[in-house]
Amino acid sequence: LPPQAQNGGFGVPEVSTHFHNFHDAPESDGSPCRFFFRGQYFDYHRTMQTPGFDDPNTDPAERLLEFQSSLWYHDHRVEHTAENVYKGLLGFELLFNQFDTGDENTGFRLPSFPQFDIPLALADKLIDPGTGKICFDLFGFDGLVGDKLLVNGVIQPFFEVQKRRYRFRVLDGGPSRFYELFLTNPDNPKQSIPYFAIANDGNLLPAPVRFPTSSGSGARIGVAERIDIIIDFKALARDLGVKRLWLENRLEQVNGRGPTGKILPAGQRENVLVEFRLVGNAVRDNSVDPSDPTVRFYALPPRPTPRITRRFRFERGNGQWQVNGRFFDCDEIRFTVNRNSAERWILENNSGGWQHPIHIHLEEFQIVSRNGQLIKPGDVEFSRKDVVRLQFNEKIELLMRFRDFRGDYPMHCHNTIHEDHAMMLRWAVQDDANDNNTRP
């Protein structure tokens, strides 16, 4: 970590590294309250195990369905996460197994890593035109949206691609912007350019999902969400005459509160994330074709019966951000769940002015419904998730599980400015706690 004189005007040289959202014991989870200082070190222990290894109710065959692939890590220092991550303390960590192998000749035959399997970390920054340095408003509690779009730390880069299929692992690195992703042919912006989502938040979907959807929507992600997409540049060059493509964010957002919902027109240079430039002739490609309707990946694991329903309201209060009317406190555990149990959690946002991407540590969840509408097969959210976008005036039902480990974990808004200003709580897992607090 840098000495204080080199630290700059915001952020602190103190860190707690969170491996988002791996199945870790609490001491290795990167808790916001367990940070350390310059000159110190901390050893993290990764079990490299999927959930259920110490749960007699989990079928061993089911554990394979919970394998993760596109993960990332970031600083989680309480009250300074937004500043430290904004300065660059984040990165990808990719996992492979006997199905998602990194070799397109084996397993699910996804495009080979690293040549055709590319991570894309999205971020936006406010840049001082006089100095070229990034700016951060310490008093902007609503959130921060930048005037420049960056991918892997570069403003609107280009990438030369061969005429074949590529896998792109897209991460919304924050701090506050939401994205809705479209492909645009800048030489013919009226064309509708397809791509396929194959994973959501690091978890392969049961089957690929085509975008734009039949209603014309792109894939939308909030802060910390990931989506893996496959683009078939050979097919696009052959069928649509594409020579270059823009990956665009067309979702309007004018402040840190959340997107307006307006979809901007195609072909506007300021909305470009990365330009793909097609080069050469078609090349050998042994990867799976996601447009094939018979393609399947991991089925969703079965949903156990929840022991209890708990409710959480995310709201503005006393100038900052609250969960159930209370601010975060490192010294307080709000409730305790039974180890190796399941619960039904209801997340509520009664505001038409704010949106919150909610992240829950330890285990992933399944989204059961949004405002009473069931999430069904074919929806990109019919998956295992670790972040859910709590949009305007929404009530979301989740199915949560708490296997293997004992100890405390956080739940928080991943708009990291909201998180730093107290929209977070600590909860714990213990054997037979039988805590029946339904609105902790």
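Strands (runs of 3 or more DSSP E) fully within the stretch 134-188 that include at least 3 residues being over 20 Å from the mean Cα position of the chain (by Cα) and within 28 Å of Ser112 (Cβ to Cβ): 158-163. Scan the stretch 177-200 for residues that are touching a Lys or Arg at 6+ places or on another chain (Cβ under 8 Å), among the polar types (S, T, N, Q) and over 11 Å from Leu247 (Cα atoms) and the total you get is 1. When you go through (1) over 30 Å from Phe139 (Cα atoms); (2) part of a strand (DSSP E or B); (3) of a type outside the set (A, V, I, L, M); (4) touching a residue at least 60 places away in the same chain (Cβ under 8 Å) one by one for Arg344, which number turns out not to apply? Condition (4) is where Arg344 drops out. Only a single item in (1) farther than 28 Å from Pro301 by Cα; (2) modelled with pLDDT of 95 or more is not met by Gly8, and it is number (2). Of the residues contained in the stretch 31-46, one or more are found to be in contact with a Phe, Trp or Tyr (Cβ under 8 Å, 6 or more places away or on another chain), farther than 27 Å from Ala422 by Cα and either free of Cβ contacts under 8 Å to residues at least 40 places away in the same chain or in a loop (DSSP other than H, G, I, E, B) (or both). Inside the stretch 74-95, residues that are in a loop (DSSP other than H, G, I, E, B) and within 18 Å of the chain's Cα centre (by Cα) make up a count of 4.
Can you name the residue in the stretch 322-355 that is among the hydrophobic types (A, V, I, L, M, F, W, C) and closer than 27 Å to Ser383 by Cβ and is also modelled with the lowest pLDDT among such residues? Among those residues, the one meeting the criterion is Trp354.
Here are some residues: Ser369, Ser351. Which one is outside any strand (DSSP E or B) and among the polar types (S, T, N, Q)? Answer to the selection: Ser351. Take Asp100 and tell me if it is farther than 19 Å from Phe158 by Cα, free of Cβ contacts under 8 Å to residues at least 12 places away in the same chain and in contact with a Leu (Cβ under 9 Å, 6 or more places away or on another chain). Judged against the criteria, Asp100 is not a match. Only one of these is polar (S, T, N, Q) and under 25 Å from Pro410 (Cα atoms): Asn324, Asn281. Name it. Just one listed residue meets the conditions, Asn324.
Taking the stretch 188-222 as the range and being of a type in the set (Ser, Thr, Tyr) and closer than 14 Å to Glu248 by Cβ as the test, the residues that pass are Ser192, Tyr195, Ser217.
The residue that is nearest to Ser70 (Cα to Cα), among those in the stretch 14-39 that are at pLDDT 90 or above and over 22 Å from the mean Cα position of the chain (by Cα), is Glu27.
Tally up the residues in the stretch 47-68 that are part of a loop (DSSP other than H, G, I, E, B) and acidic (Asp, Glu), please.
Number of matching residues: 3.
Of the strands (runs of 3 or more DSSP E) lying entirely inside the stretch 392-437, those carrying at least 1 residues that are surrounded by fewer than 21 Cβ atoms within 10 Å (Cβ to Cβ) and of a type in the set (Gly, Ala, Ser) are 407-413, 424-430.
Every residue, every condition in (1) assigned by TED's automatic domain parsing to the domain that holds Ser176; (2) closer than 28 Å to Ala197 by Cα; (3) surrounded by 16 or more Cβ atoms within 10 Å (Cβ to Cβ), yes or no:
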site: Phe22; (1), (2), (3): no, yes, yes
site: Glu27; (1), (2), (3): no, no, no
site: Phe36; (1), (2), (3): no, no, no
site: Trp72; (1), (2), (3): no, yes, yes
site: His80; (1), (2), (3): no, no, yes
site: Tyr86; (1), (2), (3): no, yes, yes
site: Gly102; (1), (2), (3): no, yes, yes
site: Thr106; (1), (2), (3): no, yes, no
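Of all residues in the stretch 189-214, those being in a loop (DSSP other than H, G, I, E, B), of a type in the set (Gly, Ala, Ser) and surrounded by 21 or more Cβ atoms within 10 Å (Cβ to Cβ) number 1.
Highlighted here are the strands (runs of 3 or more DSSP E) found entirely within the stretch 261-330 that include at least 1 residues which are more than 24 Å from the chain's Cα centre (by Cα), on the phi > 0 side of the Ramachandran plot and surrounded by fewer than 16 Cβ atoms within 10 Å (Cβ to Cβ): 272-282. Inspection of the stretch 226-249 identifies no residue that is farther than 19 Å from Pro194 by Cβ and either surrounded by fewer than 21 Cβ atoms within 10 Å (Cβ to Cβ) or modelled with pLDDT under 95 (or both). Set side by side, the residues Leu122, Leu71 differ, and just one is assigned to a strand (DSSP E or B) and in contact with a His (Cβ under 7 Å, 6 or more places away or on another chain), which is Leu71.
The values are calculated or read from the model by the stated rules, or taken from the named source; none is laboratory data. Treat the numbers as computed from the prediction; the structure is a model and nothing was measured. No Cβ is skipped: glycine too gets one built from the backbone with ideal geometry, and neighbour counts run over all protein chains shown.
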